[in-house]
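Notes for the one structure printed next.
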Amino acid sequence: MTVRSLLAVGALALSLTALTAFTALCPAQYALIAQPIPVAERFAVTEWRLPATSPPFAAILFVPATWLPVATLKAVVVVGNVLLLALLIRLSWRFATRRPAMTTATAAAPAPATAPVPVPVPLPVLVAAGLWLEPVFRTVLHGEISLALACLILWDLTRPDHALGKGFAIGIAAGVELTPALFIAYLLLTGRPGDVRAGLTALASLIGTMLLGALVLPRSSLDFWTLRVFETSRPGEASSADNQSLQGLFARALHTPEPGVGWAAACVVITFAGLWLARRAVVRAGHGKWGVPAIALTALLVSPVSWSHHWVWCVPLLAVLLAEGRWRTAAVVALVFSARTFLLVPHEGWAELQLSWWQQVLASPYPLLALAVLAALAYAAYRHHHRHRRRRTAVGQLAAVRPLPLPQLPASNSSASTMR
């Protein structure tokens with residue numbers, strides 16, 4: 001144990017102590033999930049009557065959690081989520097510093113393999129800081145699985161293309177919560193053989209989770225996949241400030257609990273735009289590390305309900321920004337995900353449908369940031385296309401230029417004529 005490692009562990013312990021005190025001093029702001037929600041009896045779980053919204057496969061997967069006493073389960077979940085945050089930070093940094101994907105322009109001169117870039121700051125210090133990101137803190141506090149799903153997806157995406165069963169973990173994640181299914185479409189649309197193979201594996205894995213759910217819980221599976229999956233309001237009130245999806249933004253901005261056609265049309269546009277930007281980042285520009293954040297933000301935007309703890313993808317986003325040396329942008333992103341501004345707006349009754357224009361910004365920080373990131377990626381794609389087009393035009397103009405004809409000197413017949 002060195003002095004540096006002892007200081008890092010001390011920073012983590014101090015951070016956990018401060019977070020515990022923060023939670024004790026602000027109990028009202030973090031007890032919102034305990035409020036009763038009126039839902040049908042057969043679809044409610046826990047003493048707070050929370051609506052169950054995950055596929056039946058998730059219920060099968062988490063049966064072992066019922067074997068532990070509640071107090072023990074709480075401790076396991078808290079410690080497990082802290083360890084998962086450390087894993088997510090390592091995976092994010094490895095992903096952000098890896099060599100760019102091979103493109104047509106770079107295929108002729110492949111770069112030599114290099115060792116992984118080590119994390120520049122001690123991991124316990126990064127974990128101590130990461131715990132203050134609101135999505136991470138909410139995941140730890142409420143015992144959510146967002147960190148586990150993010151680690152599962154990012155681990156699978158960072159595996160080599162020839163790795164056995166690459167894509168299987170993504171399919172499992174999509175079988176637990178449907179939002180990660182957009183990563184399957186992303187892998188299939190990139191067109192790279194390794195990605196397409198992983199996408200097909202992920203699709204088969206997802207179908208396998210559905211079949212397993214149907215085998216063990218046939219009635220629940222039929223009910224979920226034919227009816228409940230289309231009930232976009234089932235997870236909770238769309239207008240709630242805790243809902244940081246595009247639907248929540250529209251509901252609060254339009255002052256209506258049912259955004260309707262406008263929100264649906266915006267989701268279609270954002271979905272196709274996000275997939276196009278992600279594919280362009282990988283195929284055209286060779287910046288595969290921006291393709292994954294684009295898909296993650298797109299999935300969180302178009303999901304009917306994206307609770308704040310779903311936005312743990314802020315950790316890979318920060319890693320990519322820091323790896324590219326964008327320190328100021330990373331500081332702004334970290335501030336947005338730490339400020340907890342949506343907890344400052346009124347929550348009582350339907351107060352979130354009566355917010356003023358300046359309160360709208362406070363109530364929807366995550367979707368507004370995600371839209372800004374996608375807009376920046378679109379602008380970068382436009383600039384890349386414009387530069388490429390100008391380069392092709394310049395090359396074409398140079399090729400069209402012909403050398404001027406020079407007059408030829410008369411050839412001499414002998415050395416004597418030369419002397420004359």
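The values are calculated or read from the model by the stated rules, or taken from the named source; none is laboratory data. Given the structure is predicted, the values throughout are model-derived calculations rather than measurements. Backbone-built Cβ (ideal geometry, glycine too); neighbour counts: all protein chains shown. We work out accessible area using only protein heavy atoms, side chains counted, and drop any ligands, DNA or RNA first. Shrake-Rupley method; radii C 1.70, N 1.55, O 1.52, S 1.80 Å.
Worth a mention:
- Neighbours of residue 121 by Cβ distance under 15 Å: Lys/Arg scored +1, Asp/Glu scored -1, total +3.
- Packing-based order for 304-311, 270-277, 85-92, 253-260, using average beta carbon neighbours within 10 Å, highest first: 304-311, 85-92, 270-277, 253-260
- One chain, two ends: residue 76 and residue 121. Fully extended at 0.36 nm per residue, the span grows by 13.5 nm beyond their Cα-Cα distance.
- Simple spin-label estimate for residue 256 and residue 3 in nanometres, 7 Å along Cα-Cβ: 6.5
- Length gained when the stretch residue 264-residue 358 is fully extended (0.36 nm per residue, less Cα-Cα span): 31.4 nm
- Rolling a 1.4 Å probe over the protein heavy atoms gives the range 145-232 an accessible area of 46 Å² per residue.
- Figure note: 20, 329, 139 ranked by solvent-accessible area, largest first, 1.4 Å probe, ligands and nucleic acids not counted: 20, 329, 139.
- Förster radius 30 Å - calculated FRET efficiency between residue 332 and residue 18 (Cβ-Cβ, nearest 0.05): 0.85
- Carbon and sulfur %, accessible surface of the range 291-371 computed with the full protein complex present, 1.4 Å: 67
- Rounded if a/c under 1.5, otherwise prolate or oblate - the range 313-390, Cα gyration tensor axes: oblate
- Theoretical gain in end-to-end length, residue 204 to residue 273 [0.36 nm per residue, Cα-Cα removed]: 22.3 nm
- Where labels lie 7 Å past Cα in the beta-carbon direction, separation of residue 26 and residue 225 in nm: 4.2
- For residue 376 and residue 211, the FRET efficiency from 1/(1 + (r/R0)^6), where r spans their Cβ atoms and R0 equals 45 Å, is about 0.65.
- Residues of the range 204-246 with amide N under 18 Å of the 7 Å Cα→Cβ point at residue 63: 208-222
- Solvent exposure ordering (accessible area, 1.4 Å, most first) of 289, 74: 74, 289
- Area accessible to solvent at residue 26, 1.4 Å probe radius, in Å²: 40
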